[in-house]
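Enquirer: Would you mind keeping the following structure in view while I ask a few things?
Where a number appears in this text, it was derived from the coordinates with a stated rule and is not lab data. Please read these numbers as outputs of a predicted model, since none were measured by experiment. Every residue, glycine among them, receives a Cβ derived from its backbone with ideal geometry; neighbour counts consider all protein chains shown.
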Amino acid sequence: QVQLVESGGGLVQAGGSLRLSCAASGRSFSSFTMGWFRQAPGKEPEFVGAISWKNFATYYANPVKGRFTVSRDNAKNTAYLQMNSLKPEDTAVYYCAATQLRASVTNSDFGSWGQGTQVTVSS
C-alpha cells in the first residue's frame, strides 16, 4: 500500500483553474498507476482521470477531457490534477487513489485512497 494526501482544493469562480496535488509515501510511487476520482453530494463516486506507471499514459472521463490534465513527478512522489475552465458541475470532493494495475477506471481496483479535498466552483 501507499499513503496518499491531497491538497490544493478550494473555492474558484466558473472558468477558473485549480491544481490538486497528491503526495505519496510508503511503497515505490513509480510502480503505481495514480487515479483521480470525485464525489458530489448525493452522487456516486466517479472516475476523473488517471496516469499509468507504464509510459505515463493518461486517460480521462468524457466530462473533463480537454479541460483537466493528470501528471506525475516520480522524483517528488507526487501526482497532480490540473483543472482548467472549471464549471459549477465540477464541484465535488476530489480523491486521489493508487493501483498497481497498468490501467483502470474502476474505483474498486484502487487499493489506496487519500482523504479527499473539496473543490467548489461558483457560478
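Enquirer: About the Cα centre of the chain, how large is the charge dipole given +1 on each Lys and Arg Cβ and -1 on each Asp and Glu Cβ? Please answer in debye to the nearest 20. Mind dumping the intermediate values first?
Expert: Values: 11 positive and 7 negative charges, 60 e Å.
Dipole size: approximately 280 debye.
Enquirer: With θ taken as phi - 60° and the coefficients 6.51, -1.76 and 1.60, list the Karplus ³J(HN,Hα) couplings across the range 52-68 in order, rounded to whole Hz; mark glycine and proline as x.
Expert: These are the phi-based 3J(HN,Hα) values: 6, 5, 9, 6, 6, 4, 10, 8, 9, 6, 4, x, 10, 4, x, 10, 10 Hz.
Enquirer: In Å and on Cα atoms, what radius of gyration and Dmax does the chain show?
Expert: Cα only, the chain: 13.3, 41 Å (Rg, Dmax).
Enquirer: May I pose another question? Pull up the cross-link candidates among the aspartates and glutamates for K43, meaning alpha carbon to alpha carbon under 16 Å and not fewer than 8 places away within one chain.
Expert: E89, D90
Enquirer: Go through I51, Q1, S108 and say which Cα lies farthest out towards the positive end of the charge dipole of the chain; charges sit on Cβ, +1 for Lys and Arg, -1 for Asp and Glu.
Expert: Sorting the options by dipole projection puts first I51.
Enquirer: Note down the Stokes-Einstein diffusion coefficient of the range 1-71 in µm²/s, whole number, using a Kirkwood radius over alpha carbon pairs, 25 °C, and 0.890 mPa s.
Expert: D, rounded to a whole number, is 180 µm²/s.
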